[in-house]
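Take a look at the structure below.
The values are calculated or read from the model by the stated rules, or taken from the named source; none is laboratory data. Please read all numbers here as calculations on a predicted model, not as lab measurements. As a convention, Cβ positions derive from the backbone with ideal geometry for all residues, glycine included, and neighbour counts pool all protein chains shown. Surface areas here come from the heavy atoms of the whole protein model, side chains and all, with no ligands, DNA or RNA. Shrake-Rupley method; radii C 1.70, N 1.55, O 1.52, S 1.80 Å.
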Amino acid sequence: MPLVHTSVPLPSMTALRVMLAIAERGSTTAAAESINLSQSAVSKQLLTLENLLGAQMFMRKPSGMVPTDLGRIYLEQAQVAIKAMEEAAFRAASLQPDSHTLRLKVLPILGDRWLLPRFSDFNLKHPDIDVQYTTFATDNPAAQPDAVFRFGRGPFAKEQSIYLFGEDVRLVCAPAYLARLGSCETIEHAARGIIIEHPGTPLRWIDLATEHGKPELEPQGVMRFDYYTLVLRAAISGQGMALVPPQLVEEELRAGSLINPGGIHYKSKVAYWFTTPTDRKPSPALKAFQRWLMTQVE
């Protein structure tokens, strides 16, 4: 088949990954941390992309960098392009029968906040295992992940489901925000403040209020972000209170940049799980990863 030539400028795969990281993390600095590039390299990739396309991809606002109309078009297609390349990589790996490759589907917030900070320990113990992460699902049998990190009501049908954490959900905020709010020992006190939520995540004020027998109690205000990373960032910067499993903010809780006022919490019906297909024999690499994972949870 002959190659199709086009005069339309096409961004590189690196530029697409940079664009997706900025959209998810809200800044070039945070994006750089998530994709292991320097902040200057991320900024340079963005500038090159904008020069290539002749328009801005992001608008800079107080809450972070927000995609423009053009940016949203490219973001949508960037996900498709990167998904296609990941599937190609998975299929290539599957052609190696003696490969020590382990393919894992990971939720971005779980990978960023909990799994990847610990992953160097697994690498040190199992340097022969090549772990490949993806955030995309695929119907291609050759590209199916060996295991999936899920968030929801487990256990899951046709999968071996191992509970990780997430049932314990805490109300958290920055110390400076609590100082402005005043005493916060009860849910009624908390209702005087601003709640920060992700509209697509079932970790919301109504769940906390219902658990405490106050389903009719509403907070003074609600701030919503489409990315859960922005929910946490807004809470850390003192803009309100968020509901989050403490495992996702361990570092901030230890450092004191986030606190759990009044010990207010509730038991969630959704949580994080590690699942493997029941119709597929686990590889030695998967067994090793699962054993390591359980030590991290414990």
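Summary table below
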{"read-out": "Assigned charges on the beta-carbon of Lys, Arg, Asp, Glu; the chain dipole about Cα centre (debye)", "value": "100"}
{"read-out": "Percentage relative contact order, the chain, counting C-alpha pairs under 8 Å, at least six apart", "value": "20"}
{"read-out": "Length-normalised contact order for the range 180-283 - Cα pairs under 8 Å, 6+ apart - percent", "value": "31"}
{"read-out": "For the range 181-261: accessible area per residue (Å², 1.4 Å)", "value": "46"}
{"read-out": "The chain, helix-only ellipticity at 222 nm - DSSP H runs n ≥ 4, -39,500 (n - 2.57), divided by all residues, nearest 500", "value": "-12000 deg cm²/dmol"}
{"read-out": "Highest to lowest packing among 48-57, 275-284, 200-209, scored as the average C-beta count within 10 Å", "value": "200-209, 48-57, 275-284"}
{"read-out": "C-alpha long axis of helix 284-297 to longest principal axis of the chain, angle in °", "value": "20"}
{"read-out": "Set of lysines near K267 by C-alpha distance (under 18 Å), chain-local residues within fewer than 8 positions excluded", "value": "K214"}
{"read-out": "In the range 177-246, the GluC sites (Glu not before Pro) that fall in loop regions by DSSP, at most 12 other Cβ within 10 Å", "value": "E185, E216"}
{"read-out": "Tail weight of P(r) past 19 Å, computed on alpha-carbon pairs of the range 106-232, percent", "value": "63"}
{"read-out": "Helix axis angle, 116-125 relative to the chain longest principal axis, alpha carbon, degrees", "value": "50"}
{"read-out": "Whole-percent carbon and sulfur share, accessible surface of the chain, 1.4 Å", "value": "54"}
{"read-out": "On Cα atoms only, tilt of 69-94 relative to the major axis of the chain in degrees", "value": "60"}
{"read-out": "Antiparallel DSSP beta bridges within the chain, percent to nearest 5", "value": "65"}
{"read-out": "Alpha-carbon gyration tensor eigenvalues x 5, square-rooted, for the range 205-298, Å", "value": "33, 18, 13"}
